[in-house]
1. Which of VAL328, ALA272, GLY292 sits closest to the plus end of the dipole of the stretch 257-351, meaning its Cα is farthest towards the positive end, when Lys and Arg get +1 and Asp and Glu get -1 on the C-beta?
2. How much area per residue is accessible in the stretch 216-311 when the probe is 1.4 Å and only protein heavy atoms are counted (Å²)?
3. Taking R0 as 22 Å, what's the FRET efficiency between MET147 and LYS91 from their Cβ-Cβ distance, rounded to 0.05?
4. What percentage of the solvent-accessible surface of the stretch 276-383, computed with a 1.4 Å probe over protein heavy atoms, is contributed by carbon and sulfur atoms?
5. Place the peptides 93-99, 63-69, 272-278 in order of packing, highest mean first, counting for every residue the other Cβ atoms within 10 Å and averaging per peptide.
6. FRET efficiency for GLU203 and MET263, Cβ-Cβ distance as r, R0 = 25 Å, nearest 0.05?
7. Could you run the Karplus curve 6.51 cos²θ - 1.76 cosθ + 1.60 with θ = phi - 60° over the stretch 133-145 and give me ³J(HN,Hα) per residue in whole Hz, x for Gly and Pro?
8. Distance check, please: which entries in LYS236/LYS324; LYS262/LYS369; LYS240/LYS262; LYS242/LYS369; LYS204/LYS369 exceed 21 angstrom between their Cα atoms?
Amino acid sequence: MNLSQPGTYTRGVKAILLNRLLLVLAFIGLFVASALSMEKLLNISLPCGNATGCDMVASDPSSSLLGIPVAYIGFFGYVLMATLAIIRTLKTPYDLRLVSVGYIAAGVGAAFSIYLQYISFFRIHAVCPYCLTSAITMILTLGTYAMLWKDVKKNPVPEQEMGKLDLWMVAGLPFVIVVSLGLVSSNGGAKVGLDVGKIEMNEKSLVPENANSLGHSDAPITIVEFADMCCPTCQKTSPKVKQFAEDNPGTVRLVYRQFPLKMHPLGSVSAAMSEYAAEKGRFWDFAISVMGLMRQPNSIDELFDIAKSIGLDPNDMRKRLSDKNDIVFDRVTRDMDVGHAVGVTATPTFIILAKGMQPTSAGPEVLDKLNGPAYKKILLGNG
């Protein structure tokens, strides 16, 4: 470094420190994006601490863009950030072209991250700590790039050799990421799927007598849905699946089974109320009305108002719900027991039973699967 130019050393130190910070931020982001990508690729649930929003955010349609999981996009974005930081570390942190590319990429990434957090907070009403960490990391990255770009553009500095600390960072950070991902994956849990060792997957085990169903019992395709009426993703997906069944009469039967989640305070009571409504022939009216709120019910009184609006007696319903031994609660428990037996851990979970095909499970993307070539022949009457 040329020390004959006043202030050159100070400017150089500032650029080096900023580049080191960008290197650390890139690998933090890479760790988070890798964990989220593993969740999608291996179909596991990430350890979420005391939070409950990880699976909710991961199962929402916004977690994919043009069919590509957002986690994968984030992974490659942080690979780009890490690559640029490493190149600048090995070559020079004062390359304006490399800094400019990173600056632009960070701007796009930060804007997209803020958008996703808006969706998470205000539409899904859930928080994924991993996604939030990624958003904060990208915003910090953008701010750091702004300072580096301004410094390099104003005060270009000659190249200099990389210090020992930089060598340790380039070599050590990837190792730390690999070890951390190993710990995350080992503490993760299995996600929605079929556990054939616990229950035989067929209509006899999954479709109870007097099931809350829509369509003919001899339909070649039966969709068994485990859902929570207070679940935001269910509220978006379930009515569409019901419409799909109605659009394919004679071919598709939809069976709804209760799986209220603890994270939704009124999920269990909504399920019990719907079973009461089922006794009166109003199950779908009540279920779709609750889901039509597109939010958590404000109170149990709002649910009673919905019951009244579809012709049910709220006083009689209150009396039935006051008895915890009432059969409506038994039906909810029965459905949940079956759900746990097949490995349901998030809602909505759909199990597709089609004649001549192996049972398969799906999440909110169920309609994409049903509209795929595997089921198209059956839907067209050629199966």
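1. So the residue furthest toward the plus end is GLY292.
2. About 36 Å² of surface per residue is accessible.
3. Between MET147 and LYS91 the formula returns 0.65.
4. Ligands and nucleic acids excluded, carbon and sulfur reach 51 percent.
5. Highest-to-lowest ranking by the protection proxy: 272-278, 93-99, 63-69.
6. Efficiency, from the Cβ-Cβ distance: 0.25.
7. Using θ = phi - 60°, the values come out as 4, 4, 5, 4, 4, 5, 5, 5, 4, 4, x, 5, 4 Hz.
8. LYS236/LYS324; LYS262/LYS369; LYS240/LYS262; LYS204/LYS369
The values are calculated or read from the model by the stated rules, or taken from the named source; none is laboratory data. Computed from a predicted model, the values in this text were never measured in an experiment. All Cβ positions, even for glycine, are placed from backbone atoms using ideal geometry, and neighbour counts span all protein chains on display. Calculation scope for accessible area: heavy atoms of the full protein, side chains included, ligands and nucleic acids excluded. Shrake-Rupley method; radii C 1.70, N 1.55, O 1.52, S 1.80 Å.
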